[in-house]
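Trainee: A single structure is presented below for examination.
The values are calculated or read from the model by the stated rules, or taken from the named source; none is laboratory data. None of these values were measured; they are calculated from a predicted model. Note: accessible area is taken over every heavy atom of the protein model, side chains too, but ligands, DNA and RNA are not part of it. Shrake-Rupley method; radii C 1.70, N 1.55, O 1.52, S 1.80 Å.
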Amino acid sequence: MRGFVFLLLVAVASAKVYQRCEWARVLKANGMDGYRGHSLANWVCLSKWESDYNTRATNLNTDGSTDYGIFQINSRYWCNNGQTTTSNGCNIRCSELLTDDVSVAINCAKRVVRDPNGIGAWVAWRRHCENRDLSAYVAGCGL
């Protein structure tokens, strides 16, 4: 347990909070624009409402699982936090989602969206982004 807490502290120390356009550029550079049919604006919207573009965001859920990082990836299904029974679909430690190296988070988000629930796996996307005009999320970013 102490090792896990240490890893979380190291992860938090190297975390980053992105600006909207900065995050949109990172997502585009990592192939998220159009990934599985979802525009860049969908991914920016999802990240805004899940974490406010914060790589160190965490949320403890009522079922005992925890959501991690900029995409709020859940420990019950997608990562291993050493506490929650997990299927670890992304085959990663949850602490890897809490650093400023967002490549792990982006690759895991790509894995999540390939699941039958798709981008709808994220509650915040369903509540705030689905069937809405999302152009403001990439407006003025020069993309």
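Trainee: Among 66, 86, 99, which one moves the most in a GNM of the chain with springs linking Cα atoms closer than 10 Å?
Mentor: Judging by the Gaussian network model, the answer is 86.
Trainee: Past the 12 angstrom mark, what percentage of all C-alpha to C-alpha distances in region 95-139 do you count? Don't skip to the answer; put the middle values down first.
Mentor: Numbers: 682 of 990 pairs.
It works out to 69 percent of all Cα pairs.
Trainee: A further question follows. Where only protein heavy atoms count, and the probe is 1.4 Å, what is the accessible area per residue for the chain in Å²?
Mentor: Numbers: 7360 Å² over 143 residues.
On a per-residue basis, the chain sits at 51 Å².
Trainee: With an 8 Å Cα cut-off and a minimum separation of 6 or more residues, compute the relative contact order for the chain in percent.
Mentor: On the way: 227 pairs, mean separation 36.7, N = 143.
After rounding, I find 26 percent.
Trainee: Something else about it: Above 18 angstrom, tally the Cα pairs of region 67-143 and express them as a % of all pairs, no decimals. If you can, show how the numbers build up before the last one.
Mentor: Details: 1350 of 2926 pairs.
Percent of Cα pairs beyond 18 Å in region 67-143: 46.
Trainee: Turning to a different aspect of this structure: Once phi is turned into θ = phi - 60°, what whole-Hz ³J(HN,Hα) does the Karplus curve with 6.51, -1.76 and 1.60 give for every residue of region 16-26, x standing for Gly and Pro?
Mentor: 9, 10, 7, 7, 3, 5, 4, 5, 4, 5, 5
Trainee: Can I ask one more? For n ≥ 4 DSSP H runs only, could you compute -39500 (n - 2.57) per run for the chain, divide by its residues and tell me the 222 nm figure to the nearest 500? Could the numbers behind the result be given before it?
Mentor: Working: 5 runs with 51 residues, N = 143.
Counting only the DSSP helices, I get -10500 deg cm²/dmol.
Trainee: Over the Cα atoms of the chain, what Rg and Dmax result, in angstrom?
Mentor: 14.5, 45
Trainee: Sticking with this one: Pop out the carbon and sulfur fraction of the accessible area of the chain as a percent, whole number, probe 1.4 Å.
Mentor: C and S fraction of accessible area: 48 percent.
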